[in-house]
Amino acid sequence: MKDLVSIAIDAPLDIAARLFADPALAPLWMKEMAYKPLAGEPGAPGSTYRLESTSGGMSFTVTVVARHHLHLEAPNVAVEVEARFTALSPRKTLLVSEETFRFKGLLARLFGGLAKHSIHRAHSDQMERFKAFAEARWRAS
């Protein structure tokens, strides 16, 4: 299952892309997640880290495939996350976030099919939080 979210961010492309690619900053905009580096230079291709839920939700082992391409792995689901950034103006950036889910096992696949709307809502909320985070960082700089 694929989910796509597009959002305009009031910050320059280089700022938005840099903030998105830094895994240590993820807990500042990802709701109830903690960052734990595992191996490699954080954010560099081939590096790995954990995104651990602080509220008892799902946690993931993350592998950086490329600067804005992540592979997330959990017991019941694997998620490919690809972010594409396009400058709309010198101070405005379009972020297109594509998440591709592969549910493991029959129950997970059934849940995934039934939860499509909830997954999209969570993805949209997460991108809205990133937008607010990036714009606040840009204004503060």
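Computed from backbone phi, the HN-Hα couplings of the range 116-124 come to 3, 5, 5, 5, 4, 4, 5, 4, 4 Hz, rounded to whole numbers (Karplus: 6.51 cos²θ - 1.76 cosθ + 1.60, θ = phi - 60°; Gly and Pro given as x). The 3J(HN,Hα) values that the Karplus relation (6.51, -1.76, 1.60; θ = phi - 60°) gives for the range 130-140 are, in residue order, 5, 4, 4, 4, 5, 5, 5, 5, 5, 5, 6 Hz. Gly and Pro appear as x.
Between residue 4 and residue 36, the simple spin-label model (points 7 angstrom out along Cα→Cβ) gives 3.6 nm. Cα to Cα, under 30 Å, and not fewer than 8 places away if on the same chain: which lysines meet these conditions relative to residue 36? Partners within reach: 2, 104, 116, 131.
Using equal-weight Cα scatterers in the Debye expression, the normalised intensity of the chain in log10 at q = 0.14, 0.20 Å⁻¹ is -0.66, -1.31.
Amide H contacts for residue 22 (H built 1.01 Å from N in the peptide plane; partners 5 or more residues away or on another chain; cut-off under 5 Å): none found.
Here, the range 1-62 has an Rg and a Dmax of 13.1, 35 Å when only alpha carbons are counted. The phi-based Karplus calculation (6.51 cos²θ - 1.76 cosθ + 1.60; θ = phi - 60°) puts the 3J(HN,Hα) values of the range 33-43 at 10, 10, 9, 10, x, 10, 8, x, 6, x, x Hz, whole numbers, x for Gly and Pro. Among 19, 38, 72, the largest mean-square fluctuation in a Gaussian network model of the chain (Cα springs under 10 Å) belongs to 38.
Every read-out reported here was derived from the displayed coordinates using simple, explicitly stated rules and does not represent laboratory data. Computed from a prediction, not measured in an experiment: that's the story for all the values here. Neighbour counts run over all protein chains shown; Cβ positions are idealised from the backbone, glycine included.
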